[in-house]
1. What residues of region 4-39 lie in the reach of a label at residue 91, counting those whose backbone N is under 15 Å from a point 7 Å from the Cα along Cα→Cβ?
2. Sorted by mean Cβ packing within 10 Å, highest first, what order do the peptides 119-126, 77-84 take?
3. Once the whole set of protein chains is in place, how much accessible area is left on residue 10, using a 1.4 Å probe, in Å² to the nearest 10?
4. Hey, rough spin-label estimate for residue 44 and residue 70, points 7 angstrom out along Cα→Cβ, what's it come to in nanometres?
5. Which whole-Hz ³J(HN,Hα) couplings does region 20-26 yield from phi under the Karplus relation 6.51 cos²θ - 1.76 cosθ + 1.60, θ = phi - 60°, glycine and proline marked x?
6. Order 103, 113 by their accessible area, 1.4 angstrom probe, all chains in place, largest first.
7. Based on the alpha-carbon gyration tensor of region 77-122 and its eigenvalue square roots a ≥ b ≥ c, which shape applies: rounded if a/c is under 1.5, prolate if not and a/b is larger than b/c, or oblate?
Amino acid sequence: HSPLLRWSTKMLFGLAIFVVPLHHLQNYPLLAAICLQFYAASNVCRMYMRQEEQATPVPAPIALLVMLEWMGRCGYFALGNSNSIATIDVSKAFTGLSEYNQTICGIFTAMITFTGPLLMWFATLAIVAQLFGSRRRMSCAVLLAASLHSSMR
């Protein structure tokens, strides 16, 4: 396995474990579902790598990256966020703090707000590392994933 695959998978599950206490209790099943979606996407990736012929008109890696991008967007809204700044949840940003620290509270608020897209971004890195093993192909794939991610915004 490539170093990027190991790093991105560790970061994905580390981030998932880190953000669980920052979320409300009703979001725990959703966070578990997001991690299960990553697991399912990595299984689809493994099946694609074992297949020699594709039945889809769109190349499977591109379709998988688009699917992960949309899953991240859905995760953003599924965790209770919306397009309104009034829906940002700051109540759990003080978890574990004995005194107010503006920087840490801001980081925690951003992590609470963007948990879904962050988890899927690390999942995309893990899938890209799994699909493209060599360094040369991986750098092209990371550029492709970054350009796809930024063009869909």
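1. So the set is 22-28.
2. So the peptides 119-126, 77-84, ranked by packing, come out 119-126, 77-84.
3. Counting only protein heavy atoms, the figure is 150 Å².
4. Placing both labels 7 Å beyond Cα along the Cβ direction yields 0.9 nm.
5. Values, residue by residue: 4, x, 7, 9, 6, 4, 5 Hz.
6. Working: 103 95, 113 10 Å².
Final ranking, largest accessible area leading: 103, 113.
7. It is oblate, given that a/c is not under 1.5 and a/b is not larger than b/c.
The values are calculated or read from the model by the stated rules, or taken from the named source; none is laboratory data. All values reported here derive from a predicted model rather than from experimental measurement. Note that each Cβ is placed from the backbone with ideal geometry, even for glycine, and that neighbours are counted across all protein chains shown. Accessible surface areas use protein heavy atoms only, side chains included; no ligands, DNA or RNA. Shrake-Rupley method; radii C 1.70, N 1.55, O 1.52, S 1.80 Å.
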